[in-house]
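The next block holds one structure in the form of structure tokens; read it before the comments.
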Amino acid sequence: MRSLRYTSFFALVSVYGVMVLGSYVSAAGLGLSCVDWPTCRGTFLPSEEIMAEWVHRLFALMAGVSVITMAALSWRVRNSRLRLTATLAAVFVVTQIVLGIIVIDSRLHPLVVSIHLAIGTLLFACTLLSALTANRIYRESMQSVK
């Protein structure tokens with residue numbers, strides 16, 4: 001249970017970081033600084049001019065792995081709310097990956113960017129609910145041990 005608690009907290013921080021970095025990339029007009037994948041301008045290591053987008057992608061990778069891990073761990077706990085929110089978060093993270101590709105391919109079409117932000121907000125909400133629920137379950141399990 002402790003691993004789920006820590007994983008969900010790490011997922012929450014990572015998802016929030018992706019959102020903050022994505023906002024920065026968008027506001028700074030750097031959304032098309034990396035138009036290829038998985039490399040960025042043909043390289044895996046960032047140059048100074050693509051650092052913001054590269055860090056955004058790094059956080060997205062960390063968030064994706066941690067959210068999917070959180071969802072997998074949630075199925076070891078008998079709590080339907082946790083399973084639902086964590087599984088929805090995993091679905092939303094996969095959706096975000098696909099939408100991120102579409103955002104670049106559409107050359108930052110405003111509708112696609114807006115949908116990407118909306119799904120990101122749902123992802124954050126589900127991750128937050130999962131982290132709060134995992135923390136509550138962990139605290140309750142520690143109290144029952146005493």
Take the Cβ-Cβ distance between Ile97 and Leu45 as r, set R0 to 25 Å, and report the resulting FRET efficiency rounded to the nearest 0.05.
0.70
Using the alpha-carbon atoms, what tilt in degrees (0 to 90, nearest 10) does helix 51-74 show relative to the longest principal axis of the chain?
30 degrees
Computed FRET value (nearest 0.05) for Ile115 with Val20, which takes r as the C-beta separation and R₀ as 22 Å
0.70
From DSSP H assignment alone, runs of 4+ in the chain each adding -39500 (n - 2.57), the sum over residues rounded to the nearest 500 puts [θ] at 222 nm at -27500 deg cm²/dmol
Enumerate the calculated ³J(HN,Hα) couplings along the range 122-135 in order (Karplus 6.51 cos²θ - 1.76 cosθ + 1.60, θ = phi - 60°), each rounded to whole Hz, writing x wherever the residue is Gly or Pro.
4, 4, 4, 4, 5, 5, 4, 4, 5, 5, 5, 5, 4, 5
Within the chain, which cysteines find no other Cys whose Cβ is under 4.7 angstrom from their own?
Cys126
Cα gyration tensor of the chain diagonalised, 5x eigenvalues square-rooted, in angstrom largest first, produces semi-axes 32, 15, 12
Angle between the Cα long axis of helix 2-27 and the longest principal axis of the chain, 0 to 90 degrees, nearest 10?
20 degrees
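A short reminder: the numbers here are calculations on the coordinates, not readings from a lab. Here the structure is a predicted model, which means the values were calculated and not measured. We place every Cβ from the backbone using ideal geometry, glycine too, and count neighbours over all the protein chains shown.
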